[in-house]
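What follows is a single structure, written as structure tokens, with notes after it.
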């Protein structure tokens with residue numbers, strides 16, 4: 001055939017097949033096989049966040065870790081990510097040990113698809129091992145990527161570490 005044509009002839013009965021259209025359809029089919037963003041129910045995520053907040057107040061690090069997918073991760077500021085429930089429980093235990101009276105309050109939650117931003121305020125007295133005895137109040141947030149099962153696949157946590165350090169040094173000692 002002379003000239004460039006988007007049509008080709010098949011070997012079956014001479015029916016024309018649009019090569020360009022076929023390529024597009026195959027491409028769309030392959031794109032459909034790619035991982036799709038899971039749209040999470042905002043009410044279900046709010047329930048998860050409420051229970052997650054209570055877990056932080058429970059002094060039970062395994063309870064905090066249970067909100068993460070088995071291979072989930074928690075990264076706090078510039079620290080190394082805690083990967084897996086055991087490491088996440090260890091990270092939670094660090095805060096719980098340092099602040100035996102730790103209270104976390106959920107300040108806000110926004111949900112967009114399988115992403116959420118959980119905003120919180122932590123209060124407590126640094127009376128754990130090697131503690132300063134100082135009362136602290138810090139606010140921060142976690143950027144969550146949620147797994148299809150509704151658990152946290154990845155959390156990127158952020159708080160003002162400099163302010164936290166100042167409070168441990170300069171805050172008045174808690175009255176017991």
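Rank the residues 164, 118 as a footprinting-exposure proxy: fewest other Cβ atoms within 10 Å of their Cβ go first.
Ranking 164, 118 by Cβ neighbours within 10 Å, fewest first, gives 164, 118.
Among DSSP beta bridges whose residues both lie in segment 42-170, state the antiparallel percentage, nearest 5. Don't jump to the answer; show the numbers that get you there.
On the way: 29 of 34 bridges.
If we restrict to bridges inside segment 42-170, about 85 percent are antiparallel.
Relative contact order for segment 42-170 using alpha-carbon pairs under 8 Å, separation at least 6, rounded to a whole percent?
Details: 264 pairs, mean separation 29.3, N = 129.
So the answer I get is 23 percent.
Using Cβ contacts closer than 10 Å as the measure, can you line up 87, 142 from fewest to most? It would help to have the intermediate numbers written out before the result.
Values: 87 17, 142 21.
Ranking 87, 142 by Cβ neighbours within 10 Å, fewest first, gives 87, 142.
Taking neighbour Cβ counts within 10 Å as the exposure measure, how do 99, 68, 141 sort from fewest upward? Mind showing how you got there, number by number?
On the way: 99 21, 68 25, 141 18.
Ranking 99, 68, 141 by Cβ neighbours within 10 Å, fewest first, gives 141, 99, 68.
Please give the contour-minus-distance gain from residue 160 to residue 119: 0.36 nm per residue of separation, less the Cα-Cα distance, rounded to one decimal in nm. Show your work: numbers first, answer last.
On the way: separation 41, 0.36 × 41 = 14.76 nm, distance 1.30 nm.
Extra length from residue 160 to residue 119 when fully extended: 13.5 nm.
Read-outs throughout are calculated quantities, based only on the coordinates presented, and are distinct from any laboratory measurement. Not measured: the values here are computed from a predicted model. So basically every Cβ, Gly included, is an ideal-geometry build from the backbone, and we count neighbours across all protein chains shown.
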